[in-house]
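For reference, the structure discussed in these notes is given below.
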Amino acid sequence: MELQESFDKAVSHSRELAERPSNEELLKLYALYKQATEGDVTGDRPGGFDFKGIAKYDAWAMLKGTPKDEAKKEYILFVESLHQKS
C-alpha cells in the first residue's frame, strides 16, 4: 500500500477510536498531521489566553525539520498504537 493511502486510512481510523485520546495524544496527532500535510509550522505563535492555540503551535513546532513522509509514517504508527490501546 502506498504511503499516502496508508496515511489517509490512518486519518480515517483516528476518528474511529473506541475511547477519546488524552490531551497529550490529541496534540501529538495534531502535530504529526500538520507536519505531514503542511510541513514546518508557519506564522506567529498565539499569545494571550489562547492556551489551546499555544499548545497546538508548540506541539507542531517541536516537529520542525521532520520530513513530511516521516511524519506520515509516525502518524500511522501512532494511530495503530492508539487502536491497540483502546
Inset, instruction - List every residue pair whose Cβ atoms lie under 6 Å apart, where the two residues are 6 or more positions apart in sequence or sit on different chains, the first residue falls within the stretch 1-20 and is open to solvent by less than 70 Å² (accessible area, probe 1.4 Å), and the second residue, located anywhere, is basic (Lys, Arg) and assigned to a helix (DSSP H, G or I). - result: LEU3/LYS72; PHE7/LYS72
Inset, instruction - Specify the residue that is nearest to LEU3 (Cα to Cα); the eligible residues are those in the stretch 66-86 that are polar (S, T, N, Q) and not in a helix (DSSP H, G or I). - result: THR66
Inset, instruction - Go through the residues of the stretch 19-27 one by one and say whether even a single one is at pLDDT below 95 and of a type in the set (Asp, Glu). - result: yes
Inset, instruction - Could you list all residues from the stretch 35-65 that are in a helix (DSSP H, G or I), over 25 Å from GLN4 (Cα atoms) and touching a residue at least 12 places away in the same chain (Cβ under 8 Å)? - result: ALA55, ASP58
Legend entry - Some residue of the stretch 72-83 being polar (S, T, N, Q) and either open to solvent by 100 Å² or more (accessible area, probe 1.4 Å) or touching a residue at least 12 places away in the same chain (Cβ under 8 Å) (or both): no
Legend entry - Subset of the stretch 22-50 that is open to solvent by 40 Å² or more (accessible area, probe 1.4 Å) and of a type in the set (S, T, N, Q) - its residue that is farthest from TRP60 (Cα to Cα): SER22
Legend entry - Number of positions in the stretch 5-34 that are in a loop (DSSP other than H, G, I, E, B) and within 21 Å of THR66 (Cβ to Cβ): 1
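The values are calculated or read from the model by the stated rules, or taken from the named source; none is laboratory data. From a predicted model like this one, the values you see are computed outputs, not experimental measurements. Cβ coordinates were reconstructed from backbone atoms using ideal geometry, including for glycine residues, and neighbour counts include every protein chain displayed. Keep in mind that these areas ignore ligands, DNA and RNA; they rest on the heavy atoms of the full protein, side chains included. Shrake-Rupley method; radii C 1.70, N 1.55, O 1.52, S 1.80 Å.
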